[in-house]
Amino acid sequence: MQECIGAMEQALLSVARGESELPLRTVIRLPGTPNAFAAMPAVLGTGAGAAIGAKVITVFPGNDKTPFDSHIGVVLLFDAANGALQAIADASSITAIRTAAVSGLATRLLANDDASELALLGAGVLAMPHLAAVRAVRRIEHVRVWSRSVTRAQRFAVRARADHDIDVTVCETAQDAVERAHVVCTITAARTPVLEGRWLAPGTHVNAVGASLASARELDTAAVASARLFVDRRESAMNEAGDFLIPFKEGAFDEGHLVGELGQLLTGTLTGRTRRDEITLFKSLGLAVEDLAAVRLVYEKAVAANAGTPVSLGGLRHLD
């Protein structure tokens, strides 16, 4: 996780410096269903050392009740020297780890240094990576978890105690989990708010992760309006982040409420937390450059360890 957080830092620095290309994701809705097919292409970096690629996924929210993940697909990595395909990686694993790593980076940049109480709203595939990511940057002593599925929350608690040797409490309500927390991560599939601003204690940092549609949100208007707000990318947030767009359209605040991007904190062009009692908020949407940075890290480690499965897909001419 520490390595992945470092890779995410470099990726977001590349975006902030104008050294990467990433259009908005293309999403095709499947008629008559909540399901979608999406493609996220990008170029990370410049010159022969750049990474080229895309994440191609299906998003089936109803899979929550099946053995399948809600997000299924692949991340493709190409080299910039010859355009050769270097790797095909499982998008579910890459997405879960890099998403949590960006939340860890945001927590490092925005949470109070002595934050020790973590609340997780959601106990699905993002829960364990988020626990690992936040623990990588802050000395977390206690975790409170809430999920609409009590069984899933209980399973998470058992595993978290075993893997991290940490005190974990399963809460009956989201409010019970959030009150008194220093860091809150919303990692649900909710389309309507599961986190209310009135529950947040002064000085709390929130990572809002689960909702990635203009019509969906996990935070109510009060939670967003009360916070100093940062995003992974402003253009994406202005088009896709319901957590921001819905209260913005309600007239709760203007565009200036969105302070800026994590990359601008890394370059030093923006200030993050300005007071200890300030509520800070990172709205995560996920960027293709994050997927590329993560899969490139995996690819380089796999080559060094002689791991992975070699597959010949063509593209190499054998010259006499």
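A short reminder: the numbers here are calculations on the coordinates, not readings from a lab. Keep in mind that what you see is a predicted model, and the values were worked out from it rather than measured. All Cβ positions, even for glycine, are placed from backbone atoms using ideal geometry, and neighbour counts span all protein chains on display.
So what is log10(I(q)/I(0)) for the chain at q = 0.07, 0.09, 0.10, 0.13 1/Å, when the Debye sum runs over its Cα atoms only? With one equal scatterer per Cα and no solvent, log10 I(q)/I(0) is -0.27, -0.45, -0.55, -0.94. Computed over the stretch 1-114, the Cα gyration tensor eigenvalues convert (square root of 5λ each) into semi-axes of 26, 21, 13 Å, ordered from largest to smallest. Ordering 248-256, 208-216, 47-55 by mean Cβ neighbour count within 10 Å, with the highest value first, yields 208-216, 47-55, 248-256. Quick one: grab the alpha carbon gyration tensor of the stretch 63-142, order the square roots of its eigenvalues as a ≥ b ≥ c, and give me rounded if a/c is under 1.5, else prolate or oblate depending on whether a/b is larger than b/c. Oblate, since a/c reaches 1.5 and b/c is not below a/b.
Relative contact order of the chain: 18 percent, from C-alpha pairs under 8 Å at least 6 residues apart in sequence.
In order along the stretch 141-153, the phi-based Karplus estimate (6.51 cos²θ - 1.76 cosθ + 1.60, θ = phi - 60°) of 3J(HN,Hα) comes to 9, 8, 10, 10, 10, 10, 8, 5, 9, 4, 4, 5, 5 Hz; Gly and Pro are listed as x.
Please report, in cubic angstrom per residue, the volume enclosed by the convex hull of the alpha-carbon atoms of the stretch 111-286.
So the per-residue hull volume is 103 Å³.
N35 to L85: FRET efficiency via 1/(1 + (r/R0)^6), r the Cβ-Cβ distance, R0 25 Å, to the nearest 0.05?
Efficiency, rounded to the nearest 0.05: 0.35.
Where a Cα-Cα gap under 24 Å defines reach, which lysines qualify for K301, not counting those fewer than 8 residues away within the same chain? Hits, sequence-local ones excluded: K55. The residue list L12, L313, Q2 was ranked by how far each Cα lies along the charge dipole of the chain toward its positive end, using unit charges on Cβ atoms, and L313 comes out on top. Can you list the lysines whose alpha carbon is less than 19 Å from that of K249, not counting same-chain residues fewer than 8 positions off? By straight Cα distance, K249 reaches K283.
Count the net charge of all other residues whose Cβ sits under 12 Å from the Cβ of L118, scoring Lys and Arg as +1 and Asp and Glu as -1. Intermediate results must be reported in sequence, preceding the final value.
On the way: positive: R135, R138, R139, R144, R180; negative: E117, E141, D167.
Overall, the nearby charge balance is +2.
Each part reduced to its alpha carbon centroid, the stretch 76-96 and the stretch 5-40 end up 14 Å apart. Only helical runs count toward this figure. For the chain, summing -39,500 (n - 2.57) over DSSP H runs of n ≥ 4 and dividing by all residues gives -10500 deg cm²/dmol at 222 nm. Counting only DSSP beta bridges whose two residues both lie in the chain, roughly 50 percent are antiparallel.
Dipole size of the chain about its Cα centre, with +1 on Lys/Arg Cβ and -1 on Asp/Glu Cβ: approximately 320 debye, rounded to the nearest 20. Computed extension gain for R161 through D113, at 0.36 nm per residue and net of the alpha carbon distance, reaches 14.9 nm.
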